[in-house]
Structures are given as structure tokens and as C-alpha cells.
Ligand code: GLV
């Protein structure tokens, strides 16, 4: 079974699997020989503009296994009969740590104190805190549950929202009523046509004064223009690991907006994610070799 992975280190780690021939394709313009024989493709973490061509040329392809939780870059191009599996679970720890770290940094004003440090200013003042706050998790899945587990010691109230209501989880239709009571709103929804612009001007305007928007989902889930307007009026604050566009270009108004923490889409880029990704890849290949069903298969509106 021919498997293409994006990095030599991954190929090496999987090289002992019997019956598997692992090749490396880094997503560049040149396909290595044998593209038409690839049965399992693991694309590069940050994707490749060659995705549509790669998928068209991999005539024997059975599975695309992404290293990301989000599969927005693949869904529109998937050939019939080829399974798309995401990396659900792989980034739970890294992303949940980022979310909690970003919330704490913003509630305790770390970015402002770091600015004062650069100017050698002892900027004493009261700050916010996370204790006693309401944290609304929008897109409550495995990353949301990992965030909630990590928040368990912080004496907060967690409110969960998913597309459809289930036990203990509110439906998306309840968002307008829930937003005004949240001190922190964490976006973790997948990027789909249905979630594009979910956090639009109306959504943001329902957030309470001084509330914090945390985006660890995808940039297009937020209406950037509407967010910039809210930030510039200093009504709400934001911590963003993802932006629209990405990379955020020099001169973009988000860079200079007040009350915003921006990191360059790094929440899942940790050794913890790397270890979990290798574990997932190995387990998926073992399932394929044993003729067992794969996990994390993306079907319907996920
Ligand atoms: C990273 O952004 C991911 O989707 O896992």
C-alpha cells in the first residue's frame, strides 16, 4: 500500500509498518514518481495549492488523512469514493492550552504589561480575572471538551453551544440569547459555508461591553471588518490564533487595533500535536491493513 506523507520524519516513524511503502511529498510543484499509485495521502499540515491536481492524479487513492482538525481545504475537491479523515483529537491538548493561555493573558492584561516593560514603566493597576466569569464555547466538540476540562479549576461557568442542541449543550439558534451573558466567547466551530461570518456585526454587538472574543477556529468564521470596528471602539477585546486573511498582511487594520492578541495560527503546532498525529496515522494505517473501518471519517455537515 503506497502512502504519501509530507515530512521525512513522519515517513521514518511509519517505516516499520509491514505492507506499507511510505513516500514523501511536501506539497511542492513537482510530484515524486508514482503519484498515480498512491492509496493514502497525508497532505502537508498547512495544505498545498496542488491539492486539486494531486487528488486528480492519484488514480488509486482510497483515503485522504489530514493532519488538521479542519478539512475546509479538502472537502470541495474530494473525488467520489475517496474517504476524507480529519485529525480529530490530535490538536485538542495544544489548542485547549492556547485557548486557556490566551484567555488568562487577556483577562490579566499581560500584553499591556509587556508593552510597559519594553518602555521600562511600572504600570500598576487592577486587572480582570477569569474567576467567576461565564465562558461560552461555540462549537462544542472534542476541542471544546478539552477546553472545559482545563477550565475546571478556574471557578468559571461554562456554557456549551453546538449546531444542534443535545443534553447539556445549547443549539446555535440560542446564541443571540446566550451572547449577552458571556464574559468570554470561544469560537471552535469548523469552517463551512454555514459558519462563514457566524461572528458578524449582529453577533458581536450582542456581546457584553468588555467581553473577550477568542477565535481558535478559522478566520472566515468572524467578519473581520465588523470585529475591527468593535475593537477600535474599545467595546470588546479579542484573542485570535486565526485571521481572515492568513497570513495577516503588513498594514492590515487588525494589527494596530486596540485590545487584540494575535498569534500566527500556532495553537496546534506543538510537540503534543506531533506525537498524537503520529499515533493517529499509525492506527489508521493499521486499520486499513486489517480491513477495519477508519475513524474520523468526515461525512455530511460535520
Ligand atoms: C488547525 O488549524 C487544524 O485545523 O487542526
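Only the coordinates and a few stated rules stand behind these numbers; no lab work does. None of these values were measured; they are calculated from a predicted model. For neighbour counting, all protein chains shown are included, and Cβ atoms are generated from backbone atoms with ideal geometry for every residue, glycine included.
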Which shape class applies to region 252-302: rounded if a/c is under 1.5, otherwise prolate when a/b exceeds b/c and oblate if not, where a ≥ b ≥ c are the square roots of the Cα gyration tensor eigenvalues?
-> oblate
With no solvent and one equal point scatterer placed on each C-alpha of region 92-262, evaluate the Debye formula and give log10 I(q)/I(0) for q = 0.17, 0.19 Å⁻¹, two decimals.
-> -1.05, -1.32
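Scaled to the compact-protein estimate 2.2 N^0.38 Å, what is the alpha-carbon radius of gyration of the chain, rounded to two decimal places?
Values: Rg = 21.0 Å, N = 302, 2.2 N^0.38 = 19.3 Å.
Cα-based Rg divided by the globular estimate yields 1.09.
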Where in region 182-201 does the label zone of residue 129 land, with the point 7 angstrom along Cα→C-beta and an amide N cut-off under 15 Å?
-> none
On a 0 to 90 degree scale, rounded to 10, what angle separates helix 92-107 from the longest Cα axis of the chain?
-> 20
Measure nothing but the geometry: give the 0 to 90° angle between the long axis through the Cα atoms of 271-289 and the longest principal axis through the Cα atoms of the chain, rounded to 10°.
-> 30
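Based on the mean of other beta carbon atoms within 10 Å per residue, what is the order of 264-271, 9-16, 206-213, 138-145, most packed first?
Values: 264-271: 16.1, 9-16: 14.4, 206-213: 18.2, 138-145: 22.2.
Peptide ranking by packing, descending: 138-145, 206-213, 264-271, 9-16.
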What is the spin-label model distance, in nm, from residue 121 to residue 53 if the labels are put 7 Å beyond Cα along the C-beta direction?
-> 5.2
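How would you classify region 229-268 from its alpha-carbon gyration tensor, with a ≥ b ≥ c the square roots of the eigenvalues: rounded for a/c under 1.5, else prolate if a/b is greater than b/c, otherwise oblate? If you can, show how the numbers build up before the last one.
On the way: a/c = 2.61, a/b = 1.45, b/c = 1.80.
Oblate shape, in that a/c is at least 1.5 and b/c is the bigger or equal ratio.
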Sequence-separation-based contact order of region 87-194, relative, with Cα cut under 8 Å and 6+ spacing, percent = 29
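Take every DSSP beta bridge with both residues inside region 92-262 and express the antiparallel ones as a percent of the total, to the nearest 5.
Details: 1 of 24 bridges.
Close to 5 percent.
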On a 0 to 90° scale, report how tilted helix 142-151 is relative to the longest principal axis of the chain, with both axes built from alpha carbons and the result rounded to the nearest 10.
-> 40
